[in-house]
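This report concerns only the one structure given below.
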Amino acid sequence: MLTPSATPIDYNTQVKPILNKRCITCHGGVKRESDFSLLFRKDALAKAKSGKAAIIPGDVEHSELVRRINESDPEERMTYKKNPLTKDEIKILTQWIKEGARWGDHWAYTKVEQQKLPPSTSWTKNDIDRFIVEKMNEHDLFPSPQASKEILIRRLGLDIIGLPPEPDLKKQFVKESVPVETIIDSLLNSPHYGERWASVWLDLARYADTKGYERDDSRSVWHYRDWVIKAFNRDMPYDSFLIEQLAGDLLPNPTESQYIATAFHRNTMTNDEGGTENEEFRTAATLDRVNTTWEALMGTTFACVQCHSHPYDPFRHEDYYKFLAFFNNTRDEDTYADYPLYRHLEKEDESKLKEITQWVEQNASKEKAREIYQFVKTGEPSINSLTADHFVNGELSDTKWLIFRNHGVARLAHVNLTGKNYLTFKFASYKPGGVWTIHLDHADGPLVKEILVPDSKGKWTTEETKISASDGVHDLYLTYANPNLKKPDDNGLMFDWFYFSGYSVRQVAEHNIGKNYWELVTKEVPTTPIMMENPSSMKRVTQVFQRGNWLMKGDTVQPEVPASLSEFPKDAPRNRLGLSQWMVSKENPLVARTIVNRVWEQIFGIGLVETLEDMGTQGIPPTHRELLDHLAFQLMNDYHWSLKKLIREIVLSATYQQDSKVRKQMFQKDPQNKFYARASRVRLSAEQVRDQTLAVSGLLSKKMFGPGVMPYQPGGIWLSPWNGATWVRSKGEDQYRRAIYTYWKRTAPYPSMMTFDGSAREVCTARRIRTNTPLQALVTLNDSAYVEAAYHLALRLKKTSTDLRELIRGIYQAAVGHEPSPEEMKSLTTLYNRASSKPEMKQTANTGNSQHHKEDDALMLVANTILNLDEFVTKN
């Protein structure tokens with residue numbers, strides 16, 4: 001007989017770990033041996049294949065699970081053909097069932113609540129420190145002293161703007177005792193803040209300048225990268241930041257900025273190789289959007305639910321496709337041209353467009369003007385434009401259009417022909433002639449009319465035709481073909497109905513509106529891939545993929561979020577906009593926790609939950625769960641989603657400002673520094689290693705935004721058989737711009753940054769795993785970009801002094817932010833003397849002053865050595 005437990009068994013901390021470790025592999029999402037699953041309580045309490053219930057709450061004697069874990073017969077005992085459960089594990093499960101087999105939600109899937117603050121101490125500076133010192137006390141640890149001002153100012157610069165601080169700012173803090181709060185605010189207001197934090201986001205967004213796959217051709221999407229930088233710089237609230245990226249196109253009257261934001265999910269790869277099935281790769285892109293949304297924004301593994309219910313977390317197989325339905329109705333179709341595209345007009349053309357829309361607004365309506373604007377800027381109709389009512393029976397009172405892509409097929413859905421003798425179609429054509437065909441019910445259905453449209457020879461022509469029609473409701477399919485067109489895409493951005501209320505095409509042309517309109521929609525302009533929704537008449541059906549195979553369609557599903565998380569907002573639309581509103585709701589348990597954890601990892605080198613990509617039951621448990629929830633609650637409620645306020649609070653903490661010196665006793669107790677009894681030593685990111693080198697050398701260009709640039713790169717990295725594209729080194733200051741602006745080719749990413757653990761960005765990367773390899777030292781010692789930076793640093797400092805020791809001291813201080821020790825000075829001076837005395841250092845110089853160049857090279861070697869120090873490539 002079981003003795004009563006002093007405290008009830010806790011499902012999450014005691015039972016769930018046993019089930020995940022011992023049972024779930026056979027009785028969970030992937031496998032359901034004997035029709036028994038422990039993933040959900042409802043399944044666990046149901047009768048198994050044997051007809052018996054494995055778990056009967058409160059009834060240990062009749063619960064089959066208890067009998068089987070206690071069996072001595074290996075054919076009957078669970079776990080089957082594996083080591084039996086331990087006595088403690090059996091005791092916990094048995095007591096749990098006796099107490100009623102209460103289930104529990106995993107901590108990450110519960111609502112974020114306000115936390116009770118631990119007491120403060122003389123050491124604590126803010127609320128963060130209260131949680132940290134409480135955990136230190138539990139592990140018999142104590143904090144380190146505050147870091148020196150020289151160390152702290154460098155740390156702040158690298159963490160907030162990704163660069164060492166400017167000399168003037170450093171002087172204010174170190175020499176003039178300007179408060180640290182002032183220094184932090186200055187860094188947060190720097191335009192380089194956005195560049196530093198955008199680099200983190202671009203890994204999540206899988207941003208690249210090419211489309212991926214074998215062809216990996218160029219894609220112009222750098223406007224999105226610039227949007228991210230600007231959003232961080234103006235401290236766009238994180239909830240708005242996510243809404244605009246997920247559904248900016250669905251906001252009322254979306255702006256250019258909001259359209260460009262949606263390129264977040266147009267960074268998916270596109271397969272341009274001949275012979276591929278567009279629908280297959282459109283589907284692959286849609287699946288990637290689902291997986292990225294969960295991993296990047298909600299810190300949860302969801303990808304495996306594509307094939308089966310989650311083995312460990314409360315997500316069912318059908319949940320994946322209900323969620324996918326939110327993304328399945330977008331206009332993109334894995335086409336070569338990357339439609340839909342936002343078209344960037346020059347200032348003069350923007351003025352023409354404004355004139356057109358004003359004319360339409362005066363002569364029709366604001367709604368018509370908005371539709372015209374959208375069509376010129378995106379080449380796509382508004383989501384309500386493709387309806388039959390505006391084209392039949394001469395009822396052409398609206399400004400409407402049809403776009404002929406994908407071999408020139410358009411559909412007018414659900415046309416009611418009852419009681420009508422004929423339909424009238426008017427064609428306003430401004431393109432080469434061709435053949436129109438009108439079919440009933442499907443594109444290959446009964447042909448009711450074939451119309452030859454003559455070549456307009458660059459002028460407006462209007463053709464009118466009448467067709468007989470039978471009663472009933474039909475879909476009308478209109479196709480356009482011209483044998484002279486070189487490829488189907490030549491039909492793109494061509495319109496064939498253009499009517500204003502009460503105005504004919506001729507009247508419009510007399511006002512030059514039609515001419516200007518046509519010039520704008522056909523003009524070659526820079527573009528950015530964006531997200532747009534299909535019209536309601538073209539809405540896609542979403543079905544469950546059996547075993548994850550897109551060719552094996554199962555039940556039809558509607559857009560929905562997993563029932564195990566917060567409810568979908570009652571008044572939200574069932575589209576991407578409603579989904580984004582659900583995500584940033586204060587009821588959603590994951591979004592705020594995920595971004596707080598990511599910011600913490602960027603600053604301290606490890607997240608409060610180490611597995612940034614997985615806060616689920618198989619992720620590493622949080623070291624400071626209450627602190628994570630405290631900051632997540634503050635972010636949503638007190639900071640109103642301001643990431644700058646979150647970062648400010650973190651770097652103002654005594655926890656952050658500690659010295660990084662390792663004390664032996666503390667190291668033995670906490671070797672990974674998970675409890676923050678010192679500042680962590682963290683190797684800089686790939687971008688920061690490059691940017692810091694350029695900054696201290698004086699070469700760094702502060703130019704912002706624009707297309708990707710191509711700094712020095714060894715030859716032979718790119719192999720582009722499809723188009724012969726090569727890496728062409730940028731001219732002037734462009735080759736010295738920050739790493740975030742480097743052109744990123746997915747199949748051949750910038751090699752030196754990949755050596756420092758950069759991401760290829762073919763898929764979402766939630767966490768870079770830091771490595772320490774000899775190749776990294778070879779880059780900083782031998783890569784031409786780093787050698788040039790060392791040479792420039794040496795020459796720059798040589799202008800300030802002729803004394804060798806002062807020169808070496810100046811180079812060292814410029815690089816690492818403080819004076820070298822006597823031992824370091826001795827080593828570096830010896831290195832210089834040996835280098836300058838070697839014959840091989842002597843160069844044949846055009847100036848004839850070989851001694852001058854030999855000294856420069858020796859000094860460059862010293863600078864190169866300093867730039868390769870662990871202290872230089874490591875924060876703290």
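Please list, ordered by chain and number, the residues whose modelled amide H lies under 5 Å from the amide H of Gln146; skip anything fewer than 5 residues away on the same chain.
Asp659
Would you mind checking which residues have amide H under 5 Å from Tyr342's amide H? H placed 1.01 Å from N; only 5 or more apart, or other chain.
The list, which skips near neighbours in sequence, is Thr528, Ile530.
Taking only C-alpha pairs under 8 Å that are 6+ residues apart, what is the relative contact order of the range 617-770 in percent?
Working: 132 pairs, mean separation 28.2, N = 154.
Across the range 617-770, relative contact order equals 18 percent.
Using all C-alpha to C-alpha distances in the range 583-702, build P(r) with 5 Å bins and read off the rounded percent in each one.
Spelled out per bin, shortest first, that is 2, 10, 17, 18, 18, 15, 11, 6, 3, 0.
Give me the aspartates and glutamates in straight-line cross-link reach of Lys91: C-alpha distance below 16 Å, same-chain residues under 8 apart excluded.
Asp10, Asp59, Glu61, Glu64, Glu71, Glu99
Between Asp803 and Glu75, what length comes free when the chain is fully extended (0.36 nm per residue of separation minus the Cα-Cα distance, one decimal in nm)? Mind showing how you got there, number by number?
Values: separation 728, 0.36 × 728 = 262.08 nm, distance 8.41 nm.
Between Asp803 and Glu75, full extension yields an extra 253.7 nm.
By the gyration tensor of its Cα atoms, with a ≥ b ≥ c the square roots of the eigenvalues, what is the shape of the range 684-770: rounded for a/c under 1.5, prolate for a/b over b/c, or oblate?
oblate
Probe radius 1.4 Å, ligands and nucleic acids ignored: give me the carbon and sulfur share of the accessible area of the range 93-142 as a rounded percent.
Numbers: 1150 of 2580 Å².
Within the range 93-142, the accessible surface is 45 percent carbon and sulfur.
Specify which residue in the list Ile90, Ser177, Phe131 is farthest towards the positive end of the charge dipole of the range 90-208, using unit charges on the beta carbon of Lys, Arg (+1) and Asp, Glu (-1), about the Cα centre.
Ile90
Taking all pairs of different Cα atoms in the range 786-830, averaging 1/r and flipping that mean, what Kirkwood radius in angstroms comes out?
With all distinct Cα pairs of the range 786-830 included, I get 10.8 Å.
Pull up the cross-link candidates among the aspartates and glutamates for Lys322, meaning alpha carbon to alpha carbon under 16 Å and not fewer than 8 places away within one chain.
Straight-line reach from Lys322, under 16 Å: Asp288, Asp555, Glu560, Glu567.
So, with a 1.4 angstrom probe, what is the percent of accessible area on the range 658-805 that is carbon and sulfur?
Numbers: 4050 of 6970 Å².
About 58 percent, which is the carbon plus sulfur part of the accessible surface.
Using modelled backbone amide H atoms (1.01 Å from N, in-plane), which distant-in-sequence or interchain residues come within less than 5 Å of Lys875's amide H?
Val682, Arg683, Leu684
If each of Phe142 and Ser122 carries a label point 7 Å out from its Cα toward its Cβ, how far apart are those two points in nm?
It works out to 1.1 nm between the two label points.
Heavy-atom accessible area of Glu649 with all protein chains present, probe 1.4 Å, nearest 10 Å²?
It works out to around 40 Å².
Placing +1 on the Cβ of each Lys and Arg and -1 on the Cβ of each Asp and Glu in the range 42-88, which of Asn70, Leu45, Val60 has its Cα farthest towards the positive end of the resulting dipole?
Leu45
If you count, for each residue, the other Cβ atoms within 10 Å and average over each peptide, how do 656-667, 733-744, 265-276 line up from highest to lowest?
Working: 656-667: 16.0, 733-744: 21.2, 265-276: 19.2.
Order by mean packing, descending: 733-744, 265-276, 656-667.
Using a 1.4 Å probe and ignoring any ligands, DNA or RNA, find the accessible area of Ser120 and quote it in Å² to the nearest 10.
70
To the nearest 10 Å², what's Lys230's accessible area with a 1.4 Å probe?
Solvent-accessible area, nearest 10 Å²: 100 Å².
Straight-line reach from Lys826: which lysines have a Cα under 30 Å away, not including same-chain ones fewer than 8 places off?
Reachable lysines: Lys149, Lys170, Lys171, Lys175, Lys661, Lys664, Lys798, Lys799, Lys838, Lys842, Lys854, Lys875.
Kirkwood-based Rg over Rh for the range 7-138 (C-alpha set), two decimals?
On the way: Rg = 19.3 Å, Rh = 17.0 Å.
When Rh is taken as the Kirkwood radius, the ratio is 1.14.
Project the alpha carbons of the range 525-619 onto their principal axes and report the range along each, largest first, in whole Å.
In descending order, the Cα extents are 50, 43, 31 Å.
Give the Debye-formula value of log10 I(q)/I(0) at each listed q (0.20 Å⁻¹), with one equal scatterer per alpha carbon of the range 113-173, two decimals each.
Values, matching the q order: -0.85.
So what is the accessible area of the range 580-630 per residue, in Å², with the probe set to 1.4 Å? Mind showing how you got there, number by number?
Numbers: 1180 Å² over 51 residues.
Normalised by residue count, the accessible surface of the range 580-630 is 23 Å².
Over the range 298-377, with the other protein chains present, what is the accessible area per residue in square angstrom, probe 1.4 angstrom?
Numbers: 2960 Å² over 80 residues.
Computed with neighbouring chains in place, this is 37 Å² per residue.
The values are calculated or read from the model by the stated rules, or taken from the named source; none is laboratory data. Note that this is a predicted model, so its numbers are computed, not measured. Using ideal geometry, Cβ is built from the backbone for each residue, glycine included, and neighbour counts are taken over all protein chains shown. The accessibility values were calculated without ligands, DNA or RNA, using every heavy atom of the protein model including side chains. Shrake-Rupley method; radii C 1.70, N 1.55, O 1.52, S 1.80 Å.
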